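Student: Have a look at this one before I ask anything.
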Amino acid sequence: MSTTKTFTAVVVGLGLVTLSACGSSDSGGSADSTTVTLVSHDSWAVSKSVLKDFEKQSGYTVKVLKDGDAGQAVNKAILTKDNPQGDVFFGVDNTLLSRALDNGLFQSYEVKGAGQILPEYRVDQDKHRVTPIDSGDICVNYDKAYFSEHKLTPPQSFDDLIKPEYKNLLVTENASTSSPGLGFLLGTAAKYGDDGWQDYWKRLKANGVKVVDGWEQAYNDEFSGSAGGKKAKADRPLVVSYASSPPAEVIYADPKPATAPTGVATGTCFRQIEYAGLLSNAKNTKGGKAFIDFLATKEFQEDMPLNMFVYPVVKGATVPAEFTKFGPQAKDPEILAPAKIAANRDQWVKSWTSLVLK
Amino acid sequence: MDLARTEVAKAATKRRGSATRLGLMALPVAFFAVFFAYPVAAIVARGLKVDGAWQLGRIGDVLAQSDIRHVLWFTTWQALASTALTLLIALPGAYVFARFDFRGKHVLRAVVTVPFVLPTVVVGTAFLALVGRGGMLDQLWGVRLDTTVWAILIAHVFFNYAVVVRTVGGLWSQLDPRQEEAARMLGLSRFAAWRKVTLPALGPAVAAAALMVFLFTFTSFGVVQILGGPTFSTLEVEIYRQTSEIFDLATAAVLTIIQFVAVGAILAVHARTVRRRETALRLVAPETTARRPRGAGQWALLAGVLASIAVLLVLPLGVLVQRSFDTPDGYGFAYYKALTSEDGGIFLVAPIEAIGNSLEYALAATAIAVLIGGLAAAALTRRNTGRLVRGFDALLMLPLGVSAVTVGFGFLIALDKPPLDLRSSWILVPLAQALVGAPFVVRTMLPVLRAVDGRLREAAAVLGASPWRVWREVDLPMVRRALLIAAGFAFAVSLGEFGATVFIARPDNPTLPVAVARLLGRAGDLNYGQAMALSTILMVVCAVALLLLERVRTDRTGEF
């Protein structure tokens, strides 16, 4: 009898766990047609008022799932593609685009207002599986105070970085674990070609480049120009970061300084473009399409820079004054086609690892 | 006749006892199977199964790579070195906490436990301030240890100091010092008396602590990633890289299996030493064994231990606090105030709400961990249990040694279909945290439950009490405090859990560690300052939880 009692207790207990678990469960995209679910990476951000406008105009409620850093988010989306967690994915960039497309992550949809998107960002024109949403440049940042103190001109180009006067000044990220690290490697590959980039890195290594694992360590712990770096008494005045990092140093400061404490070496930039797409097997395709349309509207595009520190990609979208004032966009960034990246990324990262880390 | 009746009743109790035990095990087994074994198996299968056929040849391929063999070698030797260094530094601490009475001892014991439950993402950054450039060692002697293996080893001491102090010190404080004194009266030297009397009694506890430290350092992730730089990689880091960045699920699956086997072996050895330790020792109340230090030697030892705690444990924590107040306008609360504002943009809510989320998740996780771990401990109470049950003991510890990214990705692909469609449910976070909390509940409860005299239970049963009533009337009053401690520890561990949570936490309700990681991921003074402020809050909440535990310490404490 007591055994029966125990058994009952166990079954009830297990039932409770399962019940409470199922109570609020509604995974697998937006089952009801009034909700649209966005899957993105941790950097996704939008002003509340702008999102409210979309919800009011379209009648959809937006649910957001942030799924780790960019690489993680893409990998998770691929793993769950048969029963996706949402309807729209935002945040696959040109370094990962082929992985997403080859794995059939997206279905075809041509965004309303496709003509408004600047031609240099358009890809996949025959199938329309992804829509470009923003662009950003990965560039070397420099600590202005350091260079004026040492009466040294900050470096401007990739070539400058291997000059003796900049010995032991640069910190970068591991290309196999960090997206700016990978971007910087791709920038050198674009600049010096398949044959030349390894030689360039040999010289960079000889010139004392330091490699750390992620952007957080490089920027907050090693780079002397950042807020975190100043507190940590960091001693590297050059870091691989973003062209939008200097404006961020101003916007997230209180009181705000008159000029940014850091600058951008505009000849060291690699262009990253982020795309959004309608997930295959999305439950609410209609809502998903409406949301992608919204991402390409001027309202969203102009709201984006101060939230995600990236640049708009549609014609006529204005960039906030802080951006133009504190962080000029690179004129002539290095660019690589997603297909070229896909074909070479793994091999390049492997060679880079044995060349630089060992 | 009376005697015969008692025998019959005893036999019936025994039968009933084993049936009860199996019943008690049902829920923990089901929980473990559904929320651990199944997801992990699913993600391993995804990597190693092609068109329904297992590709076990991949194991050989992966092991043949020199990079992988290097990772395996580094993982093992750094764990051995970390364990040795931790024992070297923490054993004197265990002695001091066990045998000496001094002001602030309870607070200090809580403080040294804080690092153990803090997420590495928070501490790694602060730890650089100690061993990195411009850090204390740098300023004193011009020594910098960042991106060297020394930084990893010292940080491992920082995180695992409490494991040794609590496991070894807990037992040490209950060993009767008079036994050693008696041996000295019989003519043995001080050292010989210690070696012959105390050391054998302490040995199994030291072994158990060493094995736990080895387990934690063998599967080290954040410490190695942040402090070691890109040149050092442990198995756990490599599994993360292969899964999360390179997306080579086959290699990740092979590495997961290797780690699984290694951790299983460690746990099997651990289970043996734990059993050996539970052999009868004459234990006394800890209050009676501790006294004020006497003589210059003892005072010097106390001072030395306090100094090592100050430098190794308190200083890195202090740096976090200092930076959280160090605003551009001088010291102030600006970063804390900023936590209440919503326009940071990274979150859909003000960062301060992460505190509420964390507390809610941790409470739910604690409830689950206490239910699961408590039932398991009750099932494992009897010492002479079968092999199956003993294996189950080690099995419950397995989640501590399996990569969080494996569990996280496993959840994602395994729990996505009805009736277990939990993927976007809030309960997923507490479930993942409970996986980590339950082993601590078992380890805390088990020694106490086993200390309850079995004859009391039998007597109650003979008098006609049902097993439930026996438990309520005999066991519960004795273990109530242990239960509180177990719950508190599960709570603190859940608060700090980062690895699995980061994979499944919802954006509109991030936990404290997840919020800190997101803030650290952005440029700008305000983001960095807020990360430090949130870290400090997390630290204070953990410290308060642990301090409250110090108030309810039992006579016979568990292992953590």
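The values are calculated or read from the model by the stated rules, or taken from the named source; none is laboratory data. Because the structure is predicted, anything quoted here is derived from the model rather than measured. Counting neighbours? That spans all protein chains shown, and the Cβs are built from the backbone with ideal geometry, glycine included.
Student: So which helices (runs of 4 or more DSSP H) are wholly in the range B:453-530 and hold at least 2 residues that are crowded, with 24+ Cβ neighbours inside 10 Å and within 14 Å of chain A (Cβ to nearest Cβ)? Lay out the reasoning, then the answer.
Tutor: On the way: elements: B:454-462, B:467-470, B:476-496, B:501-504, B:512-520.
So the answer is B:501-504, B:512-520.
Student: Something else about it: Looking at A:Ala337, A:Ala317, A:Ala296, which one is surrounded by fewer than 17 Cβ atoms within 10 Å (Cβ to Cβ) and either out of contact with any helix residue (DSSP H, G or I) (no Cβ under 6 Å at 6 or more places or on another chain) or within 28 Å of B:Leu526 (Cβ to Cβ) (or both)?
Tutor: Details: A:Ala317 fails: surrounded by fewer than 17 Cβ atoms within 10 Å (Cβ to Cβ); A:Ala296 fails: surrounded by fewer than 17 Cβ atoms within 10 Å (Cβ to Cβ).
Every option except A:Ala337 fails the conditions.
Student: Okay, moving on. Hey, which of the helices (runs of 4 or more DSSP H) in the range A:115-210, taking only ones fully inside, have at least 1 residues that are basic (Lys, Arg)? First the steps, then the outcome.
Tutor: Values: elements: A:144-149, A:158-161, A:179-206.
In the range A:115-210, the matching helices (runs of 4 or more DSSP H) lie at A:144-149, A:179-206.
Student: In the range A:211-224, how many are out of contact with any helix residue (DSSP H, G or I) (no Cβ under 7 Å at 6 or more places or on another chain) and part of a loop (DSSP other than H, G, I, E, B)?
Tutor: Adding up the residues that qualify gives 1.
Student: Would you be able to say whether some residue in the range A:251-259 is among the acidic types (Asp, Glu) and free of Cβ contacts under 8 Å to residues at least 60 places away in the same chain?
Tutor: Residues of the range A:251-259 that are among the acidic types (Asp, Glu), as a first pass: A:254.
Narrowing further to those that are free of Cβ contacts under 8 Å to residues at least 60 places away in the same chain: A:254.
Scanning the range A:251-259 turns up at least one residue that is among the acidic types (Asp, Glu) and free of Cβ contacts under 8 Å to residues at least 60 places away in the same chain.
Student: For B:Phe333, work out the one condition from (1) at pLDDT 90 or above; (2) crowded, with 20+ Cβ neighbours inside 10 Å it doesn't fulfil.
Tutor: Condition (2) is where B:Phe333 drops out.
To keep it simple, each residue is scored yes or no on (1) within 14 Å of another protein chain (Cβ to nearest Cβ); (2) not β-branched (Val, Ile, Thr).
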| residue | (1), (2) |
| --- | --- |
| A:Asn168 | yes, yes |
| A:Thr172 | yes, no |
| A:Ala190 | no, yes |
| A:Asp194 | no, yes |
| A:Ser241 | yes, yes |
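Student: Given the residues A:Gly86, A:Gly91, which is the only one that is within 10 Å of chain B (Cβ to nearest Cβ), in contact (Cβ under 8 Å) with a residue 60 or more places away in the chain and in contact with a Ser or Thr (Cβ under 8 Å, 6 or more places away or on another chain)?
Tutor: Details: A:Gly91 fails: within 10 Å of chain B (Cβ to nearest Cβ).
Answer to the check: A:Gly86.
Student: Which of the helices (runs of 4 or more DSSP H) found entirely inside the range B:162-277 contain at least 2 residues meeting this: within 30 Å of B:Ala451 (Cα to Cα), among the β-branched types (Val, Ile, Thr) and touching a helix residue (DSSP H, G or I) at 6+ places or on another chain (Cβ under 6 Å)? Can you show your working first?
Tutor: Details: elements: B:177-185, B:190-193, B:199-218, B:222-227, B:235-240, B:249-277.
Once the helices (runs of 4 or more DSSP H) in the range B:162-277 are filtered for at least 2 residues that are within 30 Å of B:Ala451 (Cα to Cα), among the β-branched types (Val, Ile, Thr) and touching a helix residue (DSSP H, G or I) at 6+ places or on another chain (Cβ under 6 Å), what remains is B:199-218, B:249-277.
Student: Given the conditions (1) at pLDDT 90 or above; (2) away from every other protein chain (no Cβ under 12 Å); (3) surrounded by fewer than 24 Cβ atoms within 10 Å (Cβ to Cβ), and given that A:Ser224 satisfies all but one, which numbered condition is not satisfied?
Tutor: (2)
Student: Something else now. Answer yes or no as to whether B:Thr148 is closer than 30 Å to A:Ala234 by Cβ and at pLDDT 75 or above.
Tutor: Details: closer than 30 Å to A:Ala234 by Cβ: yes; at pLDDT 75 or above: yes.
Spelling it out, B:Thr148 is indeed closer than 30 Å to A:Ala234 by Cβ and at pLDDT 75 or above.
Student: Can you find even one residue in the range A:196-210 that is surrounded by fewer than 24 Cβ atoms within 10 Å (Cβ to Cβ) and within 11 Å of chain B (Cβ to nearest Cβ)?
Tutor: Yes, some residue in the range A:196-210 is surrounded by fewer than 24 Cβ atoms within 10 Å (Cβ to Cβ) and within 11 Å of chain B (Cβ to nearest Cβ).
Student: Then there is this: Among residues belonging to the range A:221-267 that are of a type in the set (S, T, N, Q) and within 18 Å of the chain's Cα centre (by Cα), point out the one that is farthest from B:Arg323 (Cα to Cα).
Tutor: Pass one, the range A:221-267, residues of a type in the set (S, T, N, Q): A:224, A:226, A:241, A:244-245, A:259, A:262, A:266.
Within this subset, residues satisfying the condition of being within 18 Å of the chain's Cα centre (by Cα) are A:241, A:244-245.
Values: A:Ser241: 23, A:Ser244: 25, A:Ser245: 21 Å.
Here the answer is A:Ser244.
Student: Would you mind finding the one in B:Asp61, B:Asp67, B:Asp51 that is surrounded by fewer than 15 Cβ atoms within 10 Å (Cβ to Cβ), within 14 Å of chain A (Cβ to nearest Cβ), over 19 Å from the mean Cα position of the chain (by Cα) and of a type outside the set (A, V, I, L, M)?
Tutor: Values: B:Asp61 fails: within 14 Å of chain A (Cβ to nearest Cβ); B:Asp51 fails: within 14 Å of chain A (Cβ to nearest Cβ).
Selected residue: B:Asp67, the only one of B:Asp61, B:Asp67, B:Asp51 that is surrounded by fewer than 15 Cβ atoms within 10 Å (Cβ to Cβ), within 14 Å of chain A (Cβ to nearest Cβ), over 19 Å from the mean Cα position of the chain (by Cα) and of a type outside the set (A, V, I, L, M).
Student: Only residues that are at pLDDT 85 or above and out of contact with any strand residue (DSSP E or B) (no Cβ under 6 Å at 6 or more places or on another chain): list them for the range A:231-241, please.
Tutor: Within the range A:231-241, A:Asp235 is the sole residue that qualifies.
Student: Check every one of the helices (runs of 4 or more DSSP H) wholly within the range B:49-155 and list those with 1 or more residues that are among the acidic types (Asp, Glu) and over 19 Å from B:Ile309 (Cβ atoms).
Tutor: Values: elements: B:57-64, B:66-99, B:105-117, B:120-131, B:136-141.
Counting at least 1 such residues, we get B:57-64, B:66-99, B:136-141.
Student: Would you mind telling me which numbered condition in (1) at pLDDT below 85; (2) farther than 30 Å from B:Gly437 by Cβ; (3) touching a Leu at 6+ places or on another chain (Cβ under 9 Å) B:Gly124 fails?
Tutor: Failed condition: (2).
Each row is one residue, and each column tells you yes or no for (1) touching a Leu at 6+ places or on another chain (Cβ under 7 Å); (2) closer than 27 Å to B:Ala209 by Cβ.
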| site | (1), (2) |
| --- | --- |
| B:Leu446 | yes, yes |
| B:Arg450 | no, yes |
| B:Gly454 | no, no |
| B:Ala461 | no, no |
| B:Trp471 | no, no |
| B:Leu476 | no, no |
| B:Val479 | yes, yes |
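Student: Go through the residues of the range B:457-475 one by one and say whether even a single one is out of contact with any His (no Cβ under 6 Å at 6 or more places or on another chain) and closer than 23 Å to A:Ser40 by Cα. Step through it out loud before you land on a result.
Tutor: Initially, the range B:457-475 is screened for residues out of contact with any His (no Cβ under 6 Å at 6 or more places or on another chain), giving B:457-475.
Restricting the remaining residues to those that are closer than 23 Å to A:Ser40 by Cα gives none.
No.
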